[in-house]
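Notes follow once the structure below has been shown.
The values are calculated or read from the model by the stated rules, or taken from the named source; none is laboratory data. Treat the numbers as computed from the prediction; the structure is a model and nothing was measured. Cβ placement follows ideal geometry from the backbone for every residue including glycine, while neighbour counts extend to all protein chains displayed.
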Amino acid sequence: MTLRTSSRLVNSRSRRAAPGSPQRRQPAVTQRRILNAATLEFSGKGLAGARVDEIAHRAGVSKRMLYHYFGNKEALWLAVLEQAYLHIRSEERALDVVHLSPIDGMRRLIEFTIQYDSAHPEFISLLVGENLQRARYLRRSKKIREAHTSLLGVIEDLLDRGRQIGVFRSSVDAAELYITIAALGFFYFSNLHTLSVIFGRDFDAPSARQAHLRHTVDVILGYLRP
């Protein structure tokens, strides 16, 4: 879900959710609306600049209800981070790369990572915000660590199978490899505007994004060759 799509979704839900309606009496629906609204507010203004009043207004709920479900702004920030991370991890699992050849599986994982960053600027913004906090809130989450453990298992499986048939080099650390893949996406999309000014090119153009995707695939698969 892109930031623009999230905005339309939150606004339409807010208009439909009149006080006392059946929708407002569904905790899961209400919490999801709050999280979507908070994602917009936090990704646009950061933890410090975000206002609970605005999040409640976007979600079509009272501040009292927001605090009932999430306790305080900091707890809501962590819930938003968890939702963001768990969403990308669930999308990665759906790739089902364990049933692909090592090269095809790795290519699909690389392409997904770059395309996800391209389609989800709110995810990039949230990561920047939490890094400014030195992962102060993320370190409290057991859910995030568990999700990344399974991701490393998938990468290790691809690397092991690739080594066995001689298409991948040995001694590749799965965590370092994923960091490299993620970095090629994160840096590009978090610095689109400054890079475009510096080099006098529109790196935000669809053709430029596609070129970066192909470049990243070539770089990673080239590195993995024995």
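Just the residues that are of a type in the set (A, V, I, L, M, F, W, C), more than 25 Å from VAL97 (Cα to Cα) and free of Cβ contacts under 8 Å to residues at least 40 places away in the same chain, please, taken from segment 132-162. Result: ALA135, single match. Criterion applied to THR149, THR180 was being surrounded by fewer than 20 Cβ atoms within 10 Å (Cβ to Cβ), modelled with pLDDT of 95 or more and either touching a Gly at 6+ places or on another chain (Cβ under 7 Å) or assigned to a helix (DSSP H, G or I) (or both), and the one residue passing it is THR180. Scanning segment 190-206 for residues that are surrounded by 15 or more Cβ atoms within 10 Å (Cβ to Cβ) and either farther than 22 Å from PHE112 by Cβ or touching a Ser or Thr at 6+ places or on another chain (Cβ under 6 Å) (or both) yields LEU195, SER196, PHE203. Restricting ARG169, ARG214, ARG209, ARG139 to residues that are closer than 30 Å to LYS45 by Cα, loosely packed, with under 14 Cβ neighbours inside 10 Å and not acidic (Asp, Glu) narrows the list to ARG139.
Among ILE144, ILE103, ILE88, ILE124, which is the only one that is β-branched (Val, Ile, Thr), under 14 Å from the mean Cα position of the chain (by Cα) and more than 27 Å from LEU192 (Cα to Cα)? Give the derivation first.
Working: ILE103 fails: under 14 Å from the mean Cα position of the chain (by Cα); ILE88 fails: more than 27 Å from LEU192 (Cα to Cα); ILE124 fails: more than 27 Å from LEU192 (Cα to Cα).
The match here is ILE144.
Here is a list: GLU122, GLU92. Which entry is at pLDDT 95 or above, assigned to a helix (DSSP H, G or I) and either assigned by TED's automatic domain parsing to the domain that holds LYS45 or not basic (Lys, Arg) (or both)? Step through it out loud before you land on a result.
Details: GLU92 fails: at pLDDT 95 or above.
Answer to the selection: GLU122.
Quick check: anything in segment 98-118 at pLDDT below 95 and aliphatic (A, V, I, L, M)? Talk me through it step by step, then tell me what you get.
Pass one, segment 98-118, residues at pLDDT below 95: 98-99.
Those left that are additionally aliphatic (A, V, I, L, M): 98.
Yes, that holds for at least one residue.
Kindly indicate whether VAL128 is surrounded by 12 or more Cβ atoms within 10 Å (Cβ to Cβ), among the β-branched types (Val, Ile, Thr) and more than 30 Å from SER101 (Cα to Cα). The answer is yes for VAL128.
For LEU76, state whether it is at pLDDT 95 or above, in a helix (DSSP H, G or I), over 17 Å from SER150 (Cα atoms) and not small (Gly, Ala, Ser).
Yes, satisfied.
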